[in-house]
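The values are calculated or read from the model by the stated rules, or taken from the named source; none is laboratory data. Predicted, not measured: the structure shown is a model, and the values here were computed from it. Cβ placement follows ideal geometry from the backbone for every residue including glycine, while neighbour counts extend to all protein chains displayed.
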Amino acid sequence: MTISTLTKYGACFLFSGLLSCVACRSGLQRPSLQEVLLAQKRWHECDLNSLKAGLTLYTTHCGQCHELYKPLAYSEDSWLDCLPEMAKRARITPEEQLLIRRFLLTRRTYTLEKKK
Ligand code: HEC
């Protein structure tokens, strides 16, 4: 990660208080500790901040042209298929795409497991 990416994420965290309003209007709750544990089973280095950053990036970049799709609205494969194309449209970096992907896939699994 470059310094500029780090600064960008720093700024994201500063604004995340503000943006949590956007997040709650979208019906997307802030990531929980259970989700961090779930995410770490797949991606060791994942932590609460990276999931939060993923949520923030998702709500700020992915709802401009269409609604913010629910993580459960698509299968894992469909998310993986469409994200690279959508990342281009949203003009985000590969690192940002990665954070969004991990947030979405974790939230998806978490929601599914809670429903059981
Ligand atoms: C510049 C506009 C734009 C932005 C920004 C954008 N999208 Fe899209 N998205 C579209 C359009 C147009 C479609 C429908 C046509 C298509 O699938 O190419 C679409 C379709 C989708 C679909 C449905 C795909 C399907 O197969 O039905 C998903 C899921 C999606 N976008 C997710 C995202 C995510 C995640 C982001 C943020 C990284 C994002 N979009 C940002 C324009 C955008």
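For the stretch 68-95, what are the residues that are touching a Lys or Arg at 6+ places or on another chain (Cβ under 8 Å) and either of a type in the set (A, V, I, L, M) or surrounded by fewer than 13 Cβ atoms within 10 Å (Cβ to Cβ) (or both)?
Passing the criteria: Leu72, Leu80, Leu83.
Among the residues of the stretch 63-83, write down those that are in a loop (DSSP other than H, G, I, E, B) and among the charged types (D, E, K, R).
Once the filter is applied, which keeps residues that are in a loop (DSSP other than H, G, I, E, B) and among the charged types (D, E, K, R), the stretch 63-83 yields Glu67, Lys70.
Going through the stretch 74-116 one residue at a time, which ones are touching a Cys at 6+ places or on another chain (Cβ under 7 Å) and more than 10 Å from the ligand (Cβ to nearest atom)?
If the condition is that a residue be touching a Cys at 6+ places or on another chain (Cβ under 7 Å) and more than 10 Å from the ligand (Cβ to nearest atom), then Arg102 is the only one that fits.
How many of the residues in the stretch 84-116 are part of a helix (DSSP H, G or I) and farther than 21 Å from Arg30 by Cα? Walk me through it before giving the result.
Step one: filter the stretch 84-116 for residues part of a helix (DSSP H, G or I), giving 84-90, 94-115.
Restricting the remaining residues to those that are farther than 21 Å from Arg30 by Cα gives 84-90, 94.
Total satisfying the criteria: 8.
Condition test on Leu112, is it over 14 Å from the mean Cα position of the chain (by Cα) and over 21 Å from Asn49 (Cβ atoms)?
yes
Cβ-Cβ below 6 Å, separation at least six or inter-chain, first residue in the stretch 39-60 and closer than 10 Å to Ile100 by Cβ, second surrounded by fewer than 24 Cβ atoms within 10 Å (Cβ to Cβ) and at pLDDT 95 or above: which pairs?
Every condition considered, the pairs that remain are Gly54/Arg102; Leu57/Glu96.
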